[in-house]
Amino acid sequence: MILYENLQKLNQEFITEFEFKLPEFWKKGWYILGENVNNFETNFAKYNNSKYCLGLANGLDALYLGLKVFEFPDKCEVIVPSNTYIATILSIINAGLTPVLVEPNIDDYLINVSRIEKKITEKTVAIMPVHLYGKLCDMDKIAELATKYNLKVIEDCAQAHGASYNNTKAGAFGDIGAFSFYPTKNLGALGDGGAITTNSEELYVKLKALRNYGSEKKYYNKYIGINSRLDEIQALFLTIKLQKLDKINLHKSKLAAIYNQKINNPHIIKPIHSEENVYHIYPIRTVFRNELKEYLFSNNIQSEIHYPLAPHKQEGYKNILTGNYPISEEIHTTILSLPISYANSTTEIEYVCAVINNFKKQC
Ligand SMILES: *Cc1c(COP(=O)(O)O)cnc(C)c1O
């Protein structure tokens, strides 16, 4: 069976070095906000060409604090793509703000920048572009709109570690870059983790307090913060894995290149990607999605759907996210993710291509 993901195998080579560092970690006995988090923050900021980085508990908190730090008045509006993962939308709701959904492009699945301006009102305070699947949004246009309407930009980079656009890394365009280190992300921890990158010292200082009960000085609470700290042990692992992030991304791109070259089934739409992007997943689309998923499985290939149901169709959100989003729905009903893990071999991917090319083949 070709697994969609195999975290044990994926992390094997980093675990060896991690285990080498563990005796020192046990001996030290320091678990929260210590030198490992500091180290990781320094390295991740440098990797992203950002001035500052803050380690957090998860990606949702990175998005949430990225909004909270601006203290927008309640019910202000935030522009977000209608086909994003639910966390982006939830962060807006949790921050007391109103999500305003904008449809994506049908060809690259990213927010359609030509639809943003119509959705801007007096209440709009921010845009949250999501670099979905590892592909960067049109940041030139987004920056232009942000300047014109005085909006903050909080980038959701949870699927785009290491991706760039005109030589600038994801997270370095906006006021805030929000990252997740959920285990299956391109830079995944051994559990939950997240981070914010920013070039603003003022935001950095405030966020540093916000993640730790709003406290700059221990037991004195300057703000009403939250508890969202990256664990020392996760930071230790992530520092090791970060050194290989480019290698991970390169391997995934190599697998994607095989798909791009070898899939030639007329029922399948392949993704558009540029050189500078990374592949978080490899999304194809077909009107025979469910049938293809079963066909792959019967040929010992696992696949996934990112995501099966659009946010505005989710039961818990139906009273909040009103309106029609047909492009988003079309993507959700036709999209399928093929295996593209660091743990997959090129031979496995070639086999997947052969199986796909046989799907619905007329003899
Ligand atoms: C994974 C993900 C998140 C949330 O990250 P968590 O660490 O699971 O909270 C947010 N946005 C996108 C686009 C994601 O893929």
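The values are calculated or read from the model by the stated rules, or taken from the named source; none is laboratory data. Everything quoted here is computed from the prediction, not taken from an experiment. FYI the Cβ positions are ideal-geometry reconstructions off the backbone, even for glycines, and counts take in every protein chain you see.
The table below lists the values:
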quantity: Within the stretch 200-222, tally of residues that are surrounded by 17 or more Cβ atoms within 10 Å (Cβ to Cβ) and over 15 Å from residue 55 (Cα atoms); calculated: 0
quantity: Residue within the stretch 263-273 that is basic (Lys, Arg), out of contact with any helix residue (DSSP H, G or I) (no Cβ under 8 Å at 6 or more places or on another chain) and in a loop (DSSP other than H, G, I, E, B) present; calculated: no
quantity: Tally of residues being among the polar types (S, T, N, Q), more than 15 Å from the ligand (Cβ to nearest atom) and under 20 Å from residue 104 (Cα atoms) across the stretch 124-172; calculated: 2
quantity: Condition met for residue 175 (in the same structural domain as residue 45 (by TED's automatic domain parsing), within 15 Å of the ligand (Cβ to nearest atom) and of a type in the set (Asp, Glu)); calculated: no
quantity: Selection from the stretch 338-360 of residues that are crowded, with 20+ Cβ neighbours inside 10 Å and of a type outside the set (Val, Ile, Thr); calculated: 338, 339, 341, 342, 344
quantity: In the stretch 16-29, the residues that are within 26 Å of residue 208 (Cα to Cα) and surrounded by 12 or more Cβ atoms within 10 Å (Cβ to Cβ); calculated: 25, 28
quantity: Any chance residue 65 is more than 8 Å from the ligand (Cβ to nearest atom), under 14 Å from residue 182 (Cα atoms) and in contact with a Lys or Arg (Cβ under 7 Å, 6 or more places away or on another chain); calculated: no
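The rows are residues; the columns are (1) within 17 Å of the chain's Cα centre (by Cα); (2) outside the structural domain of residue 210 (by TED's automatic domain parsing).
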residue: 228; (1), (2): no, no
residue: 257; (1), (2): no, yes
residue: 269; (1), (2): no, yes
residue: 276; (1), (2): yes, yes
